[in-house]
Amino acid sequence: MVRTKASVRAGSRLLQTIIAVALLGPGAALAAPEWNLQPPVTPIARQIIDLHSFIFWVCVVIFVGVFGVMFYSIFKHRKSVGHVAVQFHENTTVEVIWTVIPFLILLFMAFPATRTILAMKDTSAPDMTVKVTGYQWKWNYDYLQEGFGFYSTLSTPAAQIENREPKGEHYLLEVDNPLVVPVDTKVRVLVTAGDVIHSWWVPAFGVKQDAIPGFVRDTWFKADKVGTYRGQCAELCGKEHGFMPVVVEVVSKDDYAKWLTAQKAKAAAAGDDPGRVWEQKDLIARGEKVFAGNCAACHQLTGKGVPPAFPALDGSKVVNGPKAVQIRTVLNGVERDGKPTAMVSWKALSDTDIAAVVTYTRNSWGNKTGETVQPSEIKVARQ
Amino acid sequence: MSSIPHDHAAAHGEGPDGHAHHPTGIMRWITTTNHKDIGTMYLWFSFTMFIVGGCMALTIRAELFQPGLQVVNPEFFNSMTTLHGLIMVFGALMPGAVGFANWMIPMQIGAPDMAFARMNNWSFWLLPPAAILLVGSLFVPGGAAAAGWTMYPPLTIQAGMGMDFTIFAVHIMGASSIMGSINIITTILNLRAPGMTLMKMPLFCWTWLITAYLLIAVMPVLAGAVTMLLTDRHFGTTFFNAAGGGDPVLFQHVFWFFGHPEVYIIILPAFGIVSEIIPTFSRKPLFGYASMVYAVAAIAILSFIVWAHHMFTTGLPTAGILFYMYATMLIAIPTGVKVFNWLATMWKGSLTFEAPMLFAIGFLFLFTLGGFTGLVCAIQPIDVQIQDTYYVVAHFHYVMVAGTLFAFFGGTYYWLPKWCGRMYDAKLAEAHFWLSFVFFNVTFFPMHFLGLAGMPRRVPDYAQQFADWNMVASIGSFGFGFTQLLFFYIVVKAIRSGAKAPAKPWEGATTLEWTVPSPAPYHTFETPPFVK
Ligand SMILES: [Cu+2]
Ligand SMILES: [Cu+2]
């Protein structure tokens with residue numbers, strides 16, 4: 001049912017587009033974002049869009065000129081209208097002309113492009129710096145000067161992706177925790193990755209930087225309009241590559257200051273005194289969230305995994321065995337033949353989060369160990 | 001080379017066309033050293049892989065018909081994009097070009113066969129095992145390689161044994177290409193008929209001569225890159241692992257040092273085919289023959305110094321970006337020269353529009369469009385927005401499908417009468433062109449919009465604002481796919497029941513292959529012709 005409705009809707013939208021194109025002509029259609037680069041909100045993105053328009057129109061003019069000649073020839077020089085071939089096959093003058101003129105046109109294109117490149121590469125004198133780390137399949141944002149950070153994961157429910165629910169407005173372009181930055185501020189972005197190559201891309205900023213494990217690259221942007229800007233990972237990074245959006249909220253400087261204070265308070269509170277002793281049900285509730293955000297991409301919400309690539313945790317020997325082994329697995333990841341597997345180390349999670357997720361997996365689905373793992377145990381295991 | 005006349009003496013014997021001593025049935029094909037037989041096998045192999053890769057493309061387009069996951073899961077989707085790319089590049093386009101070379105180069109230069117006839121057999125028969133490895137990898141535990149045809153580590157280090165299958169397939173296909181290239185170079189340099197100087201050679205031979213040098217230069221580099229992947233995966237090296245002192249980006253440099261010349265390896269023979277067709281149906285010699293040769297050479301040389309334009313978002317230093325951008329833009333000049341020369345060849349000709357000419361004009365029109373989008377991609381700031389998006393997908397399908405594949409269709413319609421001695425149904429062939437032309441554009445033109453609007457490539461699902469154009473593209477792709485069944489029908493019908501073809505079915509044709517009867521006898525030019 002749902003699927004039929006969805007296809008009817010998609011079909012009608014298609015029809016609308018066709019009609020819009022037919023009635024309004026390409027001029028009107030070009031204004032819609034589905035046809036062209038997204039509306040820019042940084043000086044660089046604006047320069048890029050101008051560059052693109054310039055080169056686009058130059059190409060259109062050349063194209064029309066060149067193929068005007070071809071179609072003239074096709075209509076006038078055809079055998080069926082009795083045209084007899086003229087047997088020339090060389091002309092140094094025109095050959096020189098059509099080598100030199102394109103060269104000059106290219107010079108005109110290279111000049112503004114060079115200017116933009118120099119501006120893009122100038123990451124000096126930033127007002128603030130954030131570090132972005134790509135993981136399979138989420139982003140980590142680290143506010144280096146403020147001393148806190150968080151993960152940012154797709155928040156579109158699986159039911160929408162699997163067509164069991166209607167899709168929301170920002171389907172696949174929404175996250176739990178967006179990156180928040182102040183308006184009119186030069187933000188330097190340090191980009192790296194923890195596993196494979198990703199690419200951090202926000203079209204409205206004109207920023208795309210590959211995130212390369214083991215290396216830190218930098219780029220920058222200065223957004224001049226408050227709003228929410230959405231992009232995606234742009235480098236194939238495995239199974240969920242299509243499902244790791246980038247969302248940046250640009251807020252006023254005041255709102256940013258408030259947000260910072262709140263975040264710091266939250267970080268302090270969630271700094272989760274590792275000595276605290278938790279109730280099992282609280283840990284399980286928290287663990288479910290940690291699991292959904294970090295582990296379900298591979299092991300699945302059902303705990304069944306995707307064997308053989310990603311093993312089931314439901315019924316797993318490790319999860320139902322001694323807890324020390326499982327804690328070690330999660331803390332250190334799994335190596336096979338001396339090489340890291342997709343099961344990487346989860347050390348970056350807090351003691352409480354690891355305790356929660358371990359407790360959760362040991363008491364979910366078919367697993368009924370009844371055991372609780374406290375943050376203090378993780379703290380010990382880390383040493 | 002002394003073995004060539006010898007071979008033929010043995011094979012020739014009684015019958016006027018020398019069939020007498022050849023094995024028949026399947027053994028004829030397995031043991032053949034005849035350039036025409038081998039050319040035929042290359043072409044059928046290419047077509048088979050084209051259909052296999054095409055089915056994968058249609059799987060991709062079916063999944064992308066609507067937002068949401070409907071047809072396949074994301075991992076299988078990634079395997080489809082990966083195998084589609086590898087199969088089309090290494091299985092369909094490259095062997096297709098070698099098929100044309102095998103058939104036409106000896107006949108165009110007045111040589112009796114390829115220089116190394118047995119190696120020719122071997123270089124073909126390496127391909128089916130490679131294809132089996134690639135397609136078979138779908139059925140191994142963990143599935144086929146799913147990291148894209150570009151095989152970037154560290155993602156490829158994580159992959160299962162399907163990746164090892166892919167690596168070995170690439171090794172084998174590389175060996176086959178290198179042998180084929182040595183053969184082509186030797187044939188062209190040593191076996192030309194008396195009077196056939198290099199600068200009198202048909203342009204198709206020139207483009208292949210230069211392509212063969214490119215292949216010899218870069219296939220070993222690709223083999224090196226995938227071998228490093230293999231040792232990183234299994235033998236503890238860390239070429240591409242920063243933790244061990246390596247660098248993941250190193251792979252990209254090595255890969256694209258192969259990869260950019262590779263795109264010219266794919267397009268240059270197509271240039272050659274089009275340069276044969278356009279003069280024939282314009283009834284005029286090719287305009288600017290010498291500048292065409294120089295342009296091909298210039299493109300080939302430039303192709304070695306532009307590779308990092310595929311890596312504009314990896315964080316190259318400023319000087320690197322500027323260098324690769326300028327160098328890439330320069331390629332527009334010799335490419336432009338070629339387009340202008342083709343147009344000047346048509347200018348004041350006496351044009352007719354048989355199927356080969358239609359495909360050549362379609363090539364000219366759409367390839368040029370792909371050239372323009374290539375120029376747009378070369379401008380690094382713009383590339384930052386469109387790299388790894390559907391814009392790039394549109395760009396390279398304009399040059400590879402509307403470019404090379406259209407040239408192959410044109411070449412097939414041009415030479416099929418020579419190959420099988422029969423004409424095809426001209427009306428159907430024209431219909432094949434128009435359907436291909438329309439559906440090609442319905443499929444790939446909207447991808448420019450998708451890319452500009454921000455849709456990344458290699459994703460199994462997408463946001464709502466991309467829904468309309470994806471639906472259009474998917475519809476077009478099925479149209480394009482089914483149209484190719486018509487091509488199959490046209491060719492088979494011609495072979496089985498086409499009208500008898502004259503030695504020279506095209507009024508304007510001038511090259512040597514048209515001086516022999518149709519179908520070309522099993523052995524041609526055993527006594528070399530004399531070229532004035
Ligand atoms: Cu990704
Ligand atoms: Cu390239």
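The values are calculated or read from the model by the stated rules, or taken from the named source; none is laboratory data. Since the structure is predicted, the reported quantities are computational estimates derived from the model, not experimental observations. Every residue, glycine among them, receives a Cβ derived from its backbone with ideal geometry; neighbour counts consider all protein chains shown. Ligands, DNA and RNA are stripped out before the accessible areas are found, and what is left, the full protein with its side chains, is counted by its heavy atoms. Shrake-Rupley method; radii C 1.70, N 1.55, O 1.52, S 1.80 Å.
Which strands (runs of 3 or more DSSP E) sit wholly inside the stretch A:118-227 and have at least 2 residues that are away from ligand 1 (no atom under 14 Å from the Cβ)?
A:128-135, A:138-143, A:148-152, A:179-182, A:187-193, A:217-221
So A:V181 clears everything in (1) away from chain B (no Cβ under 11 Å); (2) within 30 Å of B:F240 (Cα to Cα); (3) crowded, with 22+ Cβ neighbours inside 10 Å except one condition, right? Which one?
(2)
Since A:P308 meets every condition but one in (1) part of a helix (DSSP H, G or I); (2) open to solvent by 50 Å² or more (accessible area, probe 1.4 Å); (3) at pLDDT below 85, which condition does it not meet?
Of (1) part of a helix (DSSP H, G or I); (2) open to solvent by 50 Å² or more (accessible area, probe 1.4 Å); (3) at pLDDT below 85, only one is false for A:P308: (1).
So A:K239 passes all but one of these: (1) open to solvent by 10 Å² or more (accessible area, probe 1.4 Å); (2) charged (D, E, K, R); (3) not in a loop (DSSP other than H, G, I, E, B). Which condition number does it fail?
Failing condition for A:K239: (3).
Quick check on this structure: which one of B:M357, B:M346, B:M329 is within 16 Å of ligand 2 (Cβ to nearest atom) and touching a residue at least 12 places away in the same chain (Cβ under 8 Å)?
B:M329
Where the second residue is within 9 Å of ligand 2 (Cβ to nearest atom) and assigned to a helix (DSSP H, G or I) and the first is over 19 Å from B:H395 (Cα atoms) and lies in the stretch B:254-276, which pairs have Cβ atoms under 8 Å and are six or more apart or on separate chains?
Hits for this filter: B:F257/B:W307.
Checking B:W103 against (1) more than 20 Å from the chain's Cα centre (by Cα); (2) of a type in the set (F, W, Y); (3) more than 26 Å from B:M447 (Cα to Cα), which test does it fail?
Answer for B:W103: the failing condition is (1).
Tell me which residues, restricted to the stretch A:49-98, are open to solvent by 60 Å² or more (accessible area, probe 1.4 Å) and closer than 30 Å to B:Y391 by Cα.
Residues satisfying the conditions are A:D50, A:F54, A:F56, A:W57, A:V61, A:V64, A:V69, A:F71.
Which members of the stretch B:360-404 meet the condition of being touching a Ser or Thr at 6+ places or on another chain (Cβ under 6 Å), more than 7 Å from chain A (Cβ to nearest Cβ) and open to solvent by 10 Å² or more (accessible area, probe 1.4 Å)?
Passing the criteria: B:G371, B:H395.
Can you name every residue in the stretch B:341-383 that is hydrophobic (A, V, I, L, M, F, W, C) and within 15 Å of A:L106 (Cβ to Cβ)?
B:F372, B:L375, B:V376, B:C377, B:A378, B:I379, B:I382
Return yes when B:A327 is open to solvent by less than 10 Å² (accessible area, probe 1.4 Å) and among the small types (G, A, S) and no when it is not.
In short, yes.
Among the β-branched types (V, I, T) and in a strand (DSSP E or B), is that true of A:V277?
no
Those residues that are surrounded by 24 or more Cβ atoms within 10 Å (Cβ to Cβ) and polar (S, T, N, Q), I need them from the stretch B:184-208; list them, please.
Passing the criteria: B:T187, B:T207.
Does the stretch B:185-192 include one or more residues that are in contact with a helix residue (DSSP H, G or I) (Cβ under 7 Å, 6 or more places away or on another chain), β-branched (V, I, T) and within 13 Å of another protein chain (Cβ to nearest Cβ)?
no
Given the residues B:A223, B:A212, which is the only one that is open to solvent by 10 Å² or more (accessible area, probe 1.4 Å), more than 16 Å from ligand 2 (Cβ to nearest atom) and of a type in the set (G, A, S)?
The conditions single out B:A223.
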